[in-house]
1. Using only the heavy atoms of the protein chains and a 1.4 Å probe, how would ILE458, ILE31 rank by accessible area, largest first?
2. Report, by chain and number, residues whose modeled amide H sits under 5 Å from the one on ILE67, excluding near sequence neighbours (fewer than 5 apart, same chain).
3. Under 20 Å Cα to Cα from LYS444, which lysines show up? Leave out anything in the same chain fewer than 8 places away.
4. Of the options LEU118, LEU60, LEU71, report the single residue whose Cα projects farthest towards the positive end of the charge dipole of segment 1-122 (beta-carbon charges: Lys, Arg +1; Asp, Glu -1).
5. HN-Hα J couplings of segment 136-143 from phi, Karplus 6.51/-1.76/1.60, θ = phi - 60°, integer Hz, Gly and Pro as x?
6. Return a whole-number percent for the relative contact order of segment 1-136, with Cα pairs under 8 Å and 6 or more residues apart as the contact set.
7. Can you give the relative contact order of the chain as a percent, counting alpha carbon pairs under 8 Å and 6+ residues apart?
8. Taking 19 Å as the cut-off for C-alpha to C-alpha distance, list the pairs among LYS222/LYS299; LYS222/LYS277; LYS183/LYS346; LYS244/LYS277; LYS312/LYS365 that go past it.
Amino acid sequence: MLDQAPQRSARSILKDVFGYDAFRGNQAAIIERVAAGGDALVLMPTGGGKSLCYQVPGLLRDGLAVIVSPLIALMDDQVATLDELGVAAVALNSTLSNDEQREIAERIRRGEIKFLYLAPERLVQPRMLAFLQNLQIALFAIDEAHCVSQWGHDFRPEYLQLGQLAELFPGVPRIALTATADKRTREEIAQRLHLENAERFLSSFDRPNIFYRIQPKDQPRKQLLAFLAARKGDAGIVYCLSRKKVEEVAEFLSAQGFPALPYHAGLPSDLRAYNQKRFLNEEGLIMVATIAFGMGIDKPNVRFVCHLDLPKSLEAYYQETGRAGRDGLPADAWMAYGLQDVIFLKQMLSNSEGDERHKRVEQHKLDAMLALCEEIRCRRQALLAYFDEDLPQPCGHCDTCVDQVQTWDATEPARQGLSAIYRSGQRYGVGHLVDILLGRDNDKIRAVGHQHLPVFGIGKALSEGEWRTLFRQLVARGLADVDLEGYGGLRLSDSCRPLLRGEVTLELRRDLKPQQAAKASGSSASQLVRGEEREQWEALRTLRRKLAEEHSVPPYVIFPDSTLLEMLRSQPRSLDEMARVSGVGARKLERYGQAFLEVLNGAGEGEAPKVVQDLRHELVSLARAGMTPAQIASQLNCGEKSVYNMLAEAIGRQQLSLEQALDLPEELLGAIQDAFLDGEGELPPVAAIVEQFAGQVPEGVLHCVRAALQAEFEV
Ligand code: ADP
Ligand code: ZN
């Protein structure tokens, strides 16, 4: 039905179908090119809006749009999204039965399908190609086009065969898209996919909504908790290197009240799939994962990506952190890194298979990663520079920009540190070296006679922590090497000679004190909604979750967070106003507009809207079933405070008894009741006694007790 209006413009499709007001970046130019029948090669970062670049021309042109995508999860997501927009789309994949496939083929022949998603190996089957040659094809889109690159880590041999589309479908435009930045991959795509005549569209690879922070690792779990403290209820990914650590951290976080799931290649595949599905469909879950997790994860509202271990390269760091904030809303990339990471990665590298040349390349990549960690200038400038992009000004949105990193002249201590390495025979680890420098007269020192070294005790001007930082930075800058055969002892490297000879000076980054760092990490980007908006925000999310369940799609397919947020801020009062909200297209307006309006406008005035009623209903049953307020909060996906408020209301309406709502020790309950009944006449407000019970019970408990007393009086 959508393709029956040939003269529709790209802009009207954008508004009517997708509900957006304006194209972003290169979208308009790309769409114009492809809609007119030209080829395009599109390089755009994650979240840049690549899908619209082929979906809009697909709708503008007659015939079937064919999209090649490497992963089933990606296809299903896109099909669900189009489906919600009222656009006919299907994915052909191996999970379908023969009958189902035949039926889809029939529907395609009848022209009932606008978008066909399939994997490359399926597309290039002779039968499939013959089938498509008998149809009118609007365009071919080749998503994740970097999979054609033999040098990349996502290489898919089947992609090599996609080049033949050029000859088999001469008049059909082809558009290849990727978020991989480097030049070599770009050239390979153009050549192997026969896109020599494609117009190239390069976007900036900056992800302006991501706040970057890299902290020295001190007590990583504590640091992680400090970071997460301000992000309760947000979804995020925590990357760890080993499977064991993944499981431990997931358990630890869950025990600390941050619901977390593990994901690594060693888990049974059904559990892996289950955890991934939960991460996509539920809100506020943390995925603790190895790098096995992420490719094809299109969840737009991942609010943070944390690294508890150092990635091997900036390419990996950029890609992994890039999974945060696809929706364009504020997101965080946070990492804790320490000397142990460096030693570990270097050891892994030296033990890896492969020729010397390969190892040298990997070594350079690791060095670039380390340089970013110790960067004293803007992190974003450094990161983009690595991808040959020039950001003229410091970004103002990374830790080095906002914390105003201090540097210090470390020339003299660095020489002392290097001497300590040299004098002790270039085989001791940092712990021992620090003991020497601080002049610690212990058994280990005495056993090897190091109390007689000339460097013994010369470093008392620095603390142990400062020495550790210094050694980490010496290794990160390649001034000292890690002994890879032994136990991580340090050696001098050739590049430290000029420093030892006094020909150069050394300026180093001063680490933030742990308290400062914890504070800083809690105060950056995230936190989408303000306190007073919370309740309505939760109500909107609850409605979305309910609709998502009914339609068996992830919540963000109903509406992305950015759309809910705009509803919250613009408070539409009518369907007309609702239609103006970005992300509300014609079909979604028709399906969901009214329900969301009710949530926005109904609360507080007369009859509560249907969803709010449902929510209360559910709350009462959960409380009766014996759930604690905290459990109810996580079940209903709303704040504990609102749970207490609703409990108090339910008690007031005598739908719940106080005992059903709360599990309070007899004595404490008595004390609270006494406090309320102390005066004469009217019950005092909660505020009057809240001080008295501060730290003993949440304020919400007092509201519940008061509601119970009041209900009793009224009878
Ligand atoms: P990519 O595939 O490049 O990572 P997507 O195509 O998934 O990005 O788009 C990211 C998000 O941005 C999606 O939620 C999409 O609907 C939204 N989006 C894309 N283009 C626009 C636009 N012009 N205006 C508003 N939102 C947009
Ligand atoms: Zn910056």
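1. Numbers: ILE458 70, ILE31 0 Å².
Result, largest first: ILE458, ILE31.
2. The list, which skips near neighbours in sequence, is LEU116, TYR117, LEU118, ALA141.
3. LYS460
4. LEU60
5. Per-residue couplings from phi come out as 8, 10, 6, 5, 10, 10, 10, 7 Hz.
6. Working: 139 pairs, mean separation 34.4, N = 136.
Normalised by residue count, the contact order of segment 1-136 is 25 percent.
7. Values: 1104 pairs, mean separation 81.9, N = 715.
Reported relative contact order: 11 percent.
8. Values: LYS222/LYS299 27 Å; LYS222/LYS277 28 Å; LYS183/LYS346 27 Å; LYS244/LYS277 22 Å; LYS312/LYS365 7 Å.
Flagged as over cut-off: LYS222/LYS299; LYS222/LYS277; LYS183/LYS346; LYS244/LYS277.
The values are calculated or read from the model by the stated rules, or taken from the named source; none is laboratory data. In this text, all values refer to a predicted model and were calculated from it rather than measured experimentally. Cβ sites come from the backbone with ideal geometry, for glycine too, and all protein chains shown count toward neighbours. Please note that ligands, DNA and RNA were not included when accessible areas were found on the heavy atoms of the full protein model with its side chains. Shrake-Rupley method; radii C 1.70, N 1.55, O 1.52, S 1.80 Å.
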